[in-house]
Amino acid sequence: MSSAIDAAVASKGYAHPEALVSTQWVADHLQDPSLRLLESNEDVLLYDLGHIPGAQKIDWHADLNDAVVRDYVDRAQFEQRVRALGIDESTTVVFYGDKNNWWATYAFWVFQLFGFRNARIMDGGRTKWEQEGRELTTERPSYPPTQYRAPERDDARIRAFMDDVRAHLQAKGKLIDVRSPQEFSGERTHMPEYPQEGTLRGGHIPTARSVPWARAANPDGTFRSADELRAIYEGEAGLTPDADVIAYCRIGERSSHTWFVLTYLLGYQKVRNYDGSWTEWGNSVRAPIERGS
């Protein structure tokens, strides 16, 4: 498949425009045998109601998380799942989903833990595809399994654990809390429209700056331009491209969206996603917490 940059994406000024493709690009490449579309949604029923022709479903919980330990699948499990999807190193994988590609970037991030580089996000996700009146189908595709060989998972580069966050605080590193303002202040323990569950204490990690993840998206689900993103993350939150940044939310899914924005769209060199996030931090004995905005 051509590695040429999508013109619709290139015009937005991103550091790594090759990480995104437009809905038109996807429509133009639906018949390409080396393309695999993976749909990852918060609403797990959406795929069955209709999806882009040729797309396969990837369930963030059932497919990417370990069934027992709170962790991601290991090398053997990942390898098995990728093979079954008809994917190998020569395949271009495009992720998309609902809610501004919230879960699509999460699946993309897990693939990056295994160093899967030939991956992209469809700018705008399901929202934009549907708004444009493009074709949806309920047919489930089937592809021949591959012999894909996965490397060992490498967490250190893009994933932070609780001890890493504690060390980050000592080093005065930058923390971005991507949850809603009500979660950040401690008023709520989950997003406003969701059950208030998952943690015993509300608030945020000391020194964290509040930048809700969805601010990076336009109303049609596409990412804002690089200039607009810099105004938010650099002008308002005080980040710089050389900063050591850790992003977190409640379980690491919303913060994967911000990780993608900072890493691929703005070109930051050291961004990690703390997937333990507030579910771990807010439930841990003597973990320091701040409240208020």
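The values are calculated or read from the model by the stated rules, or taken from the named source; none is laboratory data. Please read these numbers as outputs of a predicted model, since none were measured by experiment. So basically every Cβ, Gly included, is an ideal-geometry build from the backbone, and we count neighbours across all protein chains shown. The accessibility values were calculated without ligands, DNA or RNA, using every heavy atom of the protein model including side chains. Shrake-Rupley method; radii C 1.70, N 1.55, O 1.52, S 1.80 Å.
If the requirement is being open to solvent by 40 Å² or more (accessible area, probe 1.4 Å), closer than 26 Å to Thr189 by Cα and free of Cβ contacts under 8 Å to residues at least 40 places away in the same chain, which of these qualifies: Arg230, Arg209?
Residue meeting the stated conditions: Arg209.
Just one of Leu175, Leu239, Leu262 is within 23 Å of Arg120 (Cα to Cα) and either open to solvent by less than 50 Å² (accessible area, probe 1.4 Å) or in a loop (DSSP other than H, G, I, E, B) (or both); which is it? Break it down into steps so the answer makes sense when it comes.
Values: Leu175 fails: within 23 Å of Arg120 (Cα to Cα); Leu239 fails: within 23 Å of Arg120 (Cα to Cα).
One residue alone meets the criteria, Leu262.
Any idea how many residues of the stretch 178-205 are modelled with pLDDT under 90 and buried (at least 22 other Cβ atoms within 10 Å of the Cβ)?
Here the count works out to 1.
Does the stretch 217-224 include one or more residues that are assigned to a strand (DSSP E or B), buried (at least 16 other Cβ atoms within 10 Å of the Cβ) and in contact with a Lys or Arg (Cβ under 9 Å, 6 or more places away or on another chain)? Talk me through it step by step, then tell me what you get.
Initial filter on the stretch 217-224 (assigned to a strand (DSSP E or B)): 217, 223.
Right, trim to buried (at least 16 other Cβ atoms within 10 Å of the Cβ) and you get 217, 223.
Now drop any that are not in contact with a Lys or Arg (Cβ under 9 Å, 6 or more places away or on another chain), which leaves 217, 223.
The answer is yes, given that some residue of the stretch 217-224 is assigned to a strand (DSSP E or B), buried (at least 16 other Cβ atoms within 10 Å of the Cβ) and in contact with a Lys or Arg (Cβ under 9 Å, 6 or more places away or on another chain).
Consider Ala10 carefully, then state whether it is without any contact (Cβ under 8 Å) to a residue 60 or more places away in the chain, open to solvent by less than 60 Å² (accessible area, probe 1.4 Å) and not hydroxyl-bearing (Ser, Thr, Tyr).
Details: without any contact (Cβ under 8 Å) to a residue 60 or more places away in the chain: yes; open to solvent by less than 60 Å² (accessible area, probe 1.4 Å): yes; not hydroxyl-bearing (Ser, Thr, Tyr): yes.
Taking the combined requirement at face value, the residue satisfies it.
Assess whether Gly50 counts as being open to solvent by 30 Å² or more (accessible area, probe 1.4 Å) and farther than 27 Å from Pro212 by Cα.
Working: open to solvent by 30 Å² or more (accessible area, probe 1.4 Å): no; farther than 27 Å from Pro212 by Cα: yes.
When the stated conditions are applied, Gly50 does not pass them.
Quick check, is Tyr268 farther than 19 Å from Arg286 by Cα, touching a helix residue (DSSP H, G or I) at 6+ places or on another chain (Cβ under 8 Å) and not in a helix (DSSP H, G or I)? So that I can check it myself, show each step before the final result.
Values: farther than 19 Å from Arg286 by Cα: yes; touching a helix residue (DSSP H, G or I) at 6+ places or on another chain (Cβ under 8 Å): yes; not in a helix (DSSP H, G or I): yes.
Spelling it out, Tyr268 is indeed farther than 19 Å from Arg286 by Cα, touching a helix residue (DSSP H, G or I) at 6+ places or on another chain (Cβ under 8 Å) and not in a helix (DSSP H, G or I).
Is it the case that some residue within the stretch 158-166 is free of Cβ contacts under 8 Å to residues at least 12 places away in the same chain, assigned to a loop (DSSP other than H, G, I, E, B) and not hydroxyl-bearing (Ser, Thr, Tyr)?
Step one: of the stretch 158-166, the residues free of Cβ contacts under 8 Å to residues at least 12 places away in the same chain are 163, 166.
Then keep just the ones that are assigned to a loop (DSSP other than H, G, I, E, B); that gives none.
Among the residues of the stretch 158-166, not one is free of Cβ contacts under 8 Å to residues at least 12 places away in the same chain, assigned to a loop (DSSP other than H, G, I, E, B) and not hydroxyl-bearing (Ser, Thr, Tyr), which makes the answer no.
Could you list, in sequence order, all residues of the stretch 28-43 that are more than 16 Å from Glu139 (Cα to Cα) and surrounded by fewer than 15 Cβ atoms within 10 Å (Cβ to Cβ)? Talk me through it step by step, then tell me what you get.
First pass over the stretch 28-43, keeping only residues more than 16 Å from Glu139 (Cα to Cα): 28-29, 32-35, 40-43.
Within the stretch 28-43, Asp28, Asp32, Pro33, Ser34, Glu42, Asp43 qualify.
Every residue in the stretch 13-27 that is open to solvent by 20 Å² or more (accessible area, probe 1.4 Å) and either of a type in the set (D, E, K, R) or part of a helix (DSSP H, G or I) (or both), please.
Pro17, Glu18, Gln24, Trp25, Ala27
I'd like to verify a number: residues in the stretch 128-151 that are open to solvent by less than 80 Å² (accessible area, probe 1.4 Å) and of a type in the set (Lys, Arg), how many?
So in the stretch 128-151, the residues open to solvent by less than 80 Å² (accessible area, probe 1.4 Å) come out as 128-129, 132-134, 136-137, 141, 143, 146, 148, 150-151.
After this cut, where a residue has to be of a type in the set (Lys, Arg) as well, the list is 128, 134.
Of the residues in that region, 2 qualify.
Enumerate the pairs (first residue in the stretch 269-293 and more than 23 Å from Ala156 (Cα to Cα) and in contact (Cβ under 8 Å) with a residue 12 or more places away in the chain; second residue anywhere and of a type in the set (S, T, N, Q) and open to solvent by less than 10 Å² (accessible area, probe 1.4 Å)) with beta-carbon separation below 8 Å, excluding pairs fewer than 6 apart on the same chain, so at least 6 apart or on different chains.
none
Among the residues of the stretch 67-83, is there at least one that is within 19 Å of the chain's Cα centre (by Cα), buried (at least 20 other Cβ atoms within 10 Å of the Cβ), of a type in the set (Val, Ile, Thr) and part of a strand (DSSP E or B)?
no
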